Amino acid sequence: MYQAEIERISEELYFIAASPATRRLRTQAELLSQTDVSVLITGEAGSGKTTAARLIHSLSIRSSFPFMRVKCAVLTSDLLENELFGYEHTSPNGRPESTPGKFEQCAKGTIFLDEFDAMPDAVQRRLLKMLETGEFVRCGGKNPIRADVRIVAATCEDLELAVAEKRVQEELFYRLSVFELRVPPLRERHEEIPLLLGHVMNRLTKRYGVPAPRFSSPLLDACQQYPWPGNLRELENFAKRFLAHGDESAALHELQSHPDYRFASKGENGNENGHGKTSAQAAHVSAPEEASSLKLLVRNAKGEAERGAIAQALEQTHWNRKAAARLLNVSYRALLYKIQEYHLVPPVEPTQLFEMRQAK
């Protein structure tokens, strides 16, 4: 089993990494925190995209400044526009008044646009203009205001489809997805379920002032075999119900009676995990191999994330290495070393390709 890495982000928010998937996510978040470009976080509903955004902010140089979350799907076009950009108006006594929006309130910090694909078209156009110019104007105002904020956007939708259906502007999509971070669903990190249950239950018992019920081995095993289609949100609701009634047989029945439970726990031959072993037994058998390869997995994940970030920066700057070094906040010499280490080469232009063919 992997040793858990539990990182405190705020008073009640922790990032728990006890699987290859979340360790890779943690490495990528640390790398992205060293840049100041926009990040797109993708993942299923309830998988922890907000926590990933908070993690990036907490690791960045903007961590001492505000982090603000805006739920784009719950506001109308006018309200969302005012919420983000602020507005100017005239008071009943005829005096001009202004109300700052989130981009001003969050100066030097990070703004998290949750479900940004639900943003109305008019707001998308204003946001795109701000990203292009670095400035915005309050609704009803005239004076431009410099935008000093990092944008992290999130979605659980298929953005390529949203772009194809004209629900998301293509240019805005490319502006916000300079780097993409995928949060894995809970079924891809079942090793963390006991830790997550313990963390959630500890938080709930402190909140309500009641003793925590005990999770037996059969119940924990069932929790690890269940696929959790609602991810962390569903797991927290399950913990609340178990805290309320404390009936283990009812909790087991709730998990095992779900049709997806059989899919998660049975292999093609009908045996558990496909080999007649429980998830706990399977974890026990593979533990030595996992422990021996842990360093390699983390190193590979970090290298993969670093190579991707460098390639993205080079592409964005059209292979201007000095500009890419500034974007990545690394020295020019270090970037040249990394380019050589990862065997990165600039794309061949069509004219160069023609000349190469002619030379042959």
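Distance between the 7 Å Cα→Cβ label points at S10 and E234: 2.6 nm. Potential lengthening of the chain between A45 and H253 amounts to 72.4 nm, from the contour at 0.36 nm per residue minus the alpha-carbon distance.
Ignoring aspartates and glutamates fewer than eight residues from K129 along the same chain, the ones with Cα atoms less than 12 angstrom from its Cα are E171. A protection proxy built from the mean count of other Cβ atoms within 10 Å ranks the segments 44-50, 340-346, 307-313, most packed first, as 44-50, 307-313, 340-346. Among 198-209, 233-244, 149-160, the peptide with the highest mean count of other Cβ atoms within 10 Å heads the list, and the full ranking is 149-160, 233-244, 198-209.
In summary, the aspartates and glutamates within cross-link reach of K322, defined as a Cα separation below 19 angstrom excluding same-chain residues under 8 places away, comprise D36, E306, E341.
Determine the alpha carbon to alpha carbon distance for each of K71/K102; K206/K240; K71/K108 and list only those over 18 Å. Beyond 18 Å between Cα atoms: K71/K108. A simple packing score, the average count of other Cβ atoms within 10 Å per residue, orders the peptides 135-141, 332-338 as 135-141, 332-338, with the highest score first. Maximal additional length on extending the N143-A73 stretch stands at 22.4 nm, based on 0.36 nm per residue less the C-alpha distance. A crude spin-label estimate for the pair S217 and S63, with each label 7 Å from Cα along the Cβ direction, gives 4.0 nm.
On full extension, the segment bounded by R333 and S91 gains 81.4 nm, given 0.36 nm per residue less the C-alpha separation.
Laboratory data are not the source of any read-out in this text; all were calculated from the coordinates shown. The structure displayed is predicted, hence computed values, not measured ones. Cβ atoms come from the backbone with ideal geometry, glycine included; neighbour counts cover every protein chain shown.
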